[in-house]
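Structure first, commentary second.
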Amino acid sequence: MKKPMLALAVLLAVAGSAVPAQAADPAPADANAGVTWAQLMRRKLDLDTASVKLNASLPGLKAAVPARNADLVKAQMAATTAAIALAGVTVKDEAAKASLAAAKTAAAGAKTALTAAQKAKPVSKTKVAAAQKALDSANATVKTRDAALRTAWNGLVAARTVQTSSAARVATATTAIVAANQAVADAQQKIAGMPALIASVAGQASGLSQDVVDQSRATFTVANTTKVYGITVNKAVAYPFQRMIDDAAKAGVKLSGGGFRTKAQQIALRTTNGCPDVWTAPASSCRVPTAIPGRSLHELGLAVDLSTGGKTIPNHASPAYKWLAANASKYGFVNLPSEAWHWSITGS
């Protein structure tokens, strides 16, 4: 394969799409393998992103549980205090009612005594004055105790308001702790199921890789390609390839390279690389291994020759290769062992 020298500036980041709730079903035999592979890889990468976010969120979700428990304890303590206060105020209100009733009874008796003194024959001014004084005192007591009852009633209303508010606070805190525990349980369940889900989707995509190649050989045109940071690749692999370039850049590995080339370019490359025969000599017989025209995945845009720092990845010891060896499979790319720079969806 030709070692590309094209420059690449890694400038953009790709946002993941929403993650569906279930793994995709395997594609039917007559499906467009390239489209299905692309959909599966997009879903797989979005699941990867969701998995990272879920794991990152779990400590915070767990930390919220004791905080919500503390809120509930405080709310319950406040509710208990409010209930005690309400009980005390209720007793005061009942006592004020009884005291007022007694004062009214006393005032009624004093009024009856005054009337009797006024009607007695002969009238005793002294007794009338004393009865009047007793009535005035009784009426004053009624007035005082009526005011005391209003004060007790207002206190009872306030206590009931506090008690209602406290009960609502307990209900809210209870709902919050239930929600906090449920959030932890949901996250843990999703995290536990994520590896199998990701593996399932990745396995489906991997199983379609050769179908993508076979169908592309039969139907490929240049219209099936697009550019990713200046590298022309098959549209089917564009999204995962861009994600790989972006994620490598985040890890400090700046990748560039070359992808699609025409059959004419493949023929010219075979000649340049000194293949004994352009059409029949095996790739290994060339000075630089170069596939026979019509067999290279570069001609389908399904392979890329990667470089870093303006130079082709030289060997398996280079930092760029090591990153790719550890991560490229996440994006659907496999290395051709004999060429550290060459990566495709089938490894050929």
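Listed values, structure above:
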{"read-out": "Test: residue in the stretch 292-299 that is of a type in the set (S, T, N, Q) and buried (at least 16 other Cβ atoms within 10 Å of the Cβ)", "value": "yes"}
{"read-out": "First in the stretch 235-259 and at positive phi, second anywhere and open to solvent by less than 10 Å² (accessible area, probe 1.4 Å), Cβ under 8 Å, 6 or more apart", "value": "GLY257/ILE231; GLY257/VAL304; GLY257/ASP305; GLY257/LEU306; GLY257/SER307"}
{"read-out": "Residues of the stretch 217-239 that turn out to be assigned to a helix (DSSP H, G or I), under 18 Å from ARG295 (Cβ atoms) and in contact with a strand residue (DSSP E or B) (Cβ under 7 Å, 6 or more places away or on another chain), as a count", "value": "1"}
{"read-out": "Which listed residue is touching a strand residue (DSSP E or B) at 6+ places or on another chain (Cβ under 6 Å) and part of a helix (DSSP H, G or I), from GLN204, GLN265, GLN242", "value": "GLN242"}
{"read-out": "Residue within the stretch 175-186 that is without any contact (Cβ under 8 Å) to a residue 40 or more places away in the chain, surrounded by fewer than 19 Cβ atoms within 10 Å (Cβ to Cβ), among the acidic types (Asp, Glu) and more than 29 Å from PHE260 (Cα to Cα) present", "value": "yes"}
{"read-out": "The lone exception for ASN234 - which of (1) at pLDDT below 95; (2) open to solvent by less than 40 Å² (accessible area, probe 1.4 Å) it fails", "value": "(1)"}
{"read-out": "Exclusive hit being modelled with pLDDT of 95 or more and farther than 27 Å from ALA98 by Cβ, set VAL123, VAL178, VAL162, VAL157", "value": "VAL178"}
{"read-out": "Pairs, first at negative phi and surrounded by 20 or more Cβ atoms within 10 Å (Cβ to Cβ) in the stretch 38-61, second of a type in the set (S, T, N, Q) and at pLDDT 95 or above, C-beta under 6 Å, six or more apart", "value": "LEU40/GLN204"}
{"read-out": "Search result, residues across the stretch 62-82 that are over 13 Å from VAL184 (Cα atoms), open to solvent by 50 Å² or more (accessible area, probe 1.4 Å) and not polar (S, T, N, Q)", "value": "ASP71, VAL73, LYS74, MET77"}
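The values are calculated or read from the model by the stated rules, or taken from the named source; none is laboratory data. Owing to the predicted nature of the structure, the values given are computational and were not obtained by experimental measurement. Backbone-built Cβ (ideal geometry, glycine too); neighbour counts: all protein chains shown. Protein only, heavy atoms only, side chains kept; ligands, DNA and RNA dropped before computing areas. Shrake-Rupley method; radii C 1.70, N 1.55, O 1.52, S 1.80 Å.
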